[in-house]
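Here's the structure we're looking at; comments come further down.
What follows is calculated from the coordinates using simple rules that are stated; it is not laboratory data. These numbers come from a predicted model, not from an experiment. Here the Cβ is made from the backbone with ideal geometry for all residues, glycine too, and neighbour counts use every protein chain on show.
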Amino acid sequence: MTTANLVLALRSLCECEVPEITGQGIEESSDRTAIASLVDLGALTHINNAETVLCLGCDVPHSIGVEYAGDGVYRAFCPDSGYQPVLPDTLRRFVVDENWIAGSIATALGLKFVKPSTASTVIRVGRARFGPYACELFVGRRLSEKDRFEDAKRTVAGQIRSAPAIILTSTALDLIPGEAPPRCALIPLDEVLQVSASTISIDEGPVYAALRGTDLRFRSDGIGFVFSPGFRSAVVGDQEYTFTDKQALAVEALYEVRKNGVPRLHQTEIQGAAGTNQRVGQLFAGHPAYGSLIKHDGSGYYWLDL
């Protein structure tokens, strides 16, 4: 059983209006091995037993009621095909545990997951750090429904404060009716979550692509950072910076060459752009961006750590 099969089976169940399946449904499913593994992992939890089953004695699918015949035996009656034996395991109802999804992602990232006290369209995973970016993570399903998507946007906007946000969703992106909030990206759950019968891990690549702007599905500059039009202020992750006029010119020069595919800029070029004779280290002396946002190699070359 591959990791992809498990996550795709989970994603498919999440997109059901009621994300549940019975034991009979598992047996009849082409994904039964994957779904059974999800049950073993705890992604699907047993809630109660079904009162009907699918009739297996007729060509036309229909449900028939189940009755207890005593001594641990169940049966179902169809007027056309008569009584049918029913195994107890086929009656078990399982539902997707959305908290398991969010909690598993949190654990894989070394975060402490706090179960929400009230039901919500999206579940907060927590705040994780990806390189220089502090980022809020959420999990959401059935975001193709406009009301659910609007509720998800309000929830995320009310919790992220100054940090960017990622919503990992089971919904296909082309079915989502609108744009994500500012500094927020929607990423398919199966691109990030990796589940096997024994391990759960996270592929951080798609998250970095959204934060840095290297994925064309997202805003070209990425959601991990934002600069004011005159580069006098910036937010990287949840870290806010302000700059003097000359510092802003230096930052702008570094930003523009990065945007054009040039990885770094020499000190003399930065001095020319900023109109100053000060060395870069002097220009940014004591500034919190120097050494964090603004990096150097000790040989006169500088770049933005974005």
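Key figures for this structure:
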| read-out | value |
| --- | --- |
| Restricting region 150-183 to trypsin sites (Lys or Arg not before Pro) in coil, as DSSP defines it, with at most 16 other Cβ within 10 Å | R161 |
| About the Cα centre, charge dipole magnitude for region 3-96 (Lys/Arg +1, Asp/Glu -1 at Cβ), debye | 180 |
| Residue exposure sequence - C16, C55, C135 - by fewest surrounding Cβ within 10 Å | C16, C55, C135 |
| Assigned charges on the beta-carbon of Lys, Arg, Asp, Glu; region 225-304 dipole about Cα centre (debye) | 120 |
| For region 3-96, alpha-carbon Rg and Dmax in angstrom | 14.3, 43 |
| In region 164-253, GluC sites (Glu not before Pro) in a DSSP loop with at most 16 other beta-carbon atoms within 10 Å | E179, E204 |
| q = 0.09, 0.11, 0.15, 0.16 Å⁻¹: log10 I(q)/I(0) that the Debye formula gives for the chain, counting C-alpha atoms only | -0.59, -0.77, -1.12, -1.20 |
| Positive-end residue, the chain charge dipole about Cα centroid, Cβ charges, pick of G291, Q159, G65 | G291 |
| Overall dimensions of region 98-212 by Cα: Rg and Dmax, Å | 13.1, 37 |
| Dipole in debye (nearest 20) - the chain, about Cα centre, beta carbon charges: Lys, Arg +1; Asp, Glu -1 | 1500 |
| Between region 72-130 and region 12-65, the Cα center-to-center distance that results, in Å | 11 |
| Tail beyond 18 Å, pair distance distribution of region 150-258 (Cα, percent) | 57 |
| Hull volume in cubic angstrom per residue (convex hull over the Cα atoms of region 225-304) | 85 |
| Separation in nanometres of the label points that stand 7 Å from Cα toward Cβ, at I47 and D59 | 3.5 |
